[in-house]
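The values are calculated or read from the model by the stated rules, or taken from the named source; none is laboratory data. A quick note: this is a predicted structure, and the numbers were derived from the prediction, not measured. So basically every Cβ, Gly included, is an ideal-geometry build from the backbone, and we count neighbours across all protein chains shown.
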Amino acid sequence: MRNTTTNLKDSISGLFREMPILPLLIVSFVLAIFFVPHFFTVYNLKNYLLQSADLLIISCGLTFVVLNGGIDFSVTSVLALGSVVGAYIMALSPLAGEPALSIPVAILAMMGIGVVVGLVNGFSVVKLKMPSFVATLATQLIVLGVAVQFASMVSETSSISGLPEAFFMLGGEGKYFFVPVLIAFSIWLFSNWLLNRTIFGKRVFAIGVNPIASFISGVPVKKTILWLMVICGLLAGIASIIATARNQVGMASLGDKMFLTTIASVIVGGTSTAGGFGGVNKTLLGVLFITLLNNTMNLLGVGWYTIMIVLGALVVVSAMTNYVFNRGNRME
């Protein structure tokens, strides 16, 4: 009996050491239940899960790139361009009167935009040898500009309404609130499998730790980096579908305030910006914590800019902590 208790304590202690955000998430959730008005209600908990869904999808994509020691600033621009293009197909294009056709075409287009942007980013990093932050920052500006121009050209505003009601199911409309949550959870499961159960995942971690040694060992470094950028873009495109359906309108401003929460979810969750350490398991906890923080502060009436300050501080502290901890691991 004593051995069983000791083993249980060791397991819990090991889990908390591996995922230090977990006890903070648990404590924060309990405090929110008792001290934040209207938090522990069916409506708000559904809203909490819906807010977590598209953030989890896009954060999983960014985790792949960060594990490689890179960054992708263009993910939020993919959200914007995918949103307005998809909305145009469903509401203003010649296919607009045929939801059974326009919805699948719009979904494919939104995912396709993510793949194309990912390919451009990957080509810039692999072939042109540009640092990922430079390449993706340029792509972010270009794609966002295209999104704004496209929206204003087809609708004379930065948003496109009149989307078919059947599409809203993907955003969790009414009784279908579980749909985006199920999609996000499935993508998280697949991402976890890809990183932890495949040769591709082993290559991602190896390149993140030491790309030169990986290349010498025969790992296809350039090909792997290209695939990471494509996966990140694809997941951003899928997140665009969920977010557009939830907002029920295509918006060029869809991703304006989302990059900070996305990178915060990845870094606060425990993935190292230096690469090689972390994963989507940690990102899931980061997403749940950041969404909880946003949700509770909104319920308490805290302004957006104050929320930004808090998130920024969390990112800095988490990045410093991860750096110190993972430096020790590398030295060992």
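So residue 172 passes all but one of these: (1) surrounded by fewer than 17 Cβ atoms within 10 Å (Cβ to Cβ); (2) in contact with a Phe, Trp or Tyr (Cβ under 8 Å, 6 or more places away or on another chain). Which condition number does it fail?
Here residue 172 meets the rest and fails (1).
Among the residues of the stretch 59-91, what is the count of those that are assigned to a helix (DSSP H, G or I), of a type outside the set (Phe, Trp, Tyr) and over 16 Å from residue 274 (Cβ atoms)?
Of the residues in the stretch 59-91, 19 are assigned to a helix (DSSP H, G or I), of a type outside the set (Phe, Trp, Tyr) and over 16 Å from residue 274 (Cβ atoms).
Is it the case that the stretch 159-176 has a residue that's free of Cβ contacts under 8 Å to residues at least 40 places away in the same chain and of a type in the set (Val, Ile, Thr)?
No, because not a single residue in the stretch 159-176 is free of Cβ contacts under 8 Å to residues at least 40 places away in the same chain and of a type in the set (Val, Ile, Thr).
When you go through 74, 83 one by one, which is the residue that is in contact with a strand residue (DSSP E or B) (Cβ under 8 Å, 6 or more places away or on another chain) and in contact (Cβ under 8 Å) with a residue 40 or more places away in the chain?
After ruling out the rest, the residue left standing is 83.
Only residues that are hydroxyl-bearing (Ser, Thr, Tyr) and either more than 27 Å from residue 50 (Cα to Cα) or part of a loop (DSSP other than H, G, I, E, B) (or both): list them for the stretch 175-207, please.
Matches in the stretch 175-207: 198 only.
Look through 245, 252, 239 and report the one residue that is crowded, with 24+ Cβ neighbours inside 10 Å, at pLDDT below 95 and of a type in the set (A, V, I, L, M).
Just a single option satisfies the conditions, and that option is 252.
Quick check, is residue 104 outside any helix (DSSP H, G or I), surrounded by fewer than 18 Cβ atoms within 10 Å (Cβ to Cβ) and out of contact with any helix residue (DSSP H, G or I) (no Cβ under 7 Å at 6 or more places or on another chain)?
no
Among all residue pairs at least 6 apart or on different chains, which show Cβ distances below 7 Å where the first residue, located in the stretch 126-143, is without any contact (Cβ under 8 Å) to a residue 60 or more places away in the chain and assigned to a helix (DSSP H, G or I) and the second is aliphatic (A, V, I, L, M) and surrounded by 17 or more Cβ atoms within 10 Å (Cβ to Cβ)?
Here the result reads 135/125, each pair linking the stretch 126-143 to a residue that is aliphatic (A, V, I, L, M) and surrounded by 17 or more Cβ atoms within 10 Å (Cβ to Cβ).
Is it true that residue 228 is among the hydrophobic types (A, V, I, L, M, F, W, C), assigned to a helix (DSSP H, G or I) and either more than 12 Å from the chain's Cα centre (by Cα) or crowded, with 22+ Cβ neighbours inside 10 Å (or both)?
Judged against the criteria, residue 228 is a match.
Evaluate the stretch 295-314: report whether one residue or more is at pLDDT below 85, under 30 Å from residue 210 (Cβ atoms) and in a helix (DSSP H, G or I).
yes
Of all residues in the stretch 107-155, count the ones that are over 22 Å from the mean Cα position of the chain (by Cα), under 22 Å from residue 222 (Cα atoms), exposed (fewer than 15 other Cβ atoms within 10 Å of the Cβ) and of a type in the set (A, V, I, L, M).
Total satisfying the criteria: 1.
Just one of (1) crowded, with 16+ Cβ neighbours inside 10 Å; (2) assigned to a helix (DSSP H, G or I); (3) without any contact (Cβ under 8 Å) to a residue 60 or more places away in the chain trips up residue 213, so point out which.
The single condition residue 213 does not satisfy is (1).
List, please: which pairs have Cβ atoms under 9 Å, are six or more places apart or on different chains, and start with a residue in the stretch 266-290 that is crowded, with 24+ Cβ neighbours inside 10 Å and end with one that is outside any helix (DSSP H, G or I) and β-branched (Val, Ile, Thr)?
266/273; 267/273; 278/271; 280/271; 282/271; 283/271; 286/271
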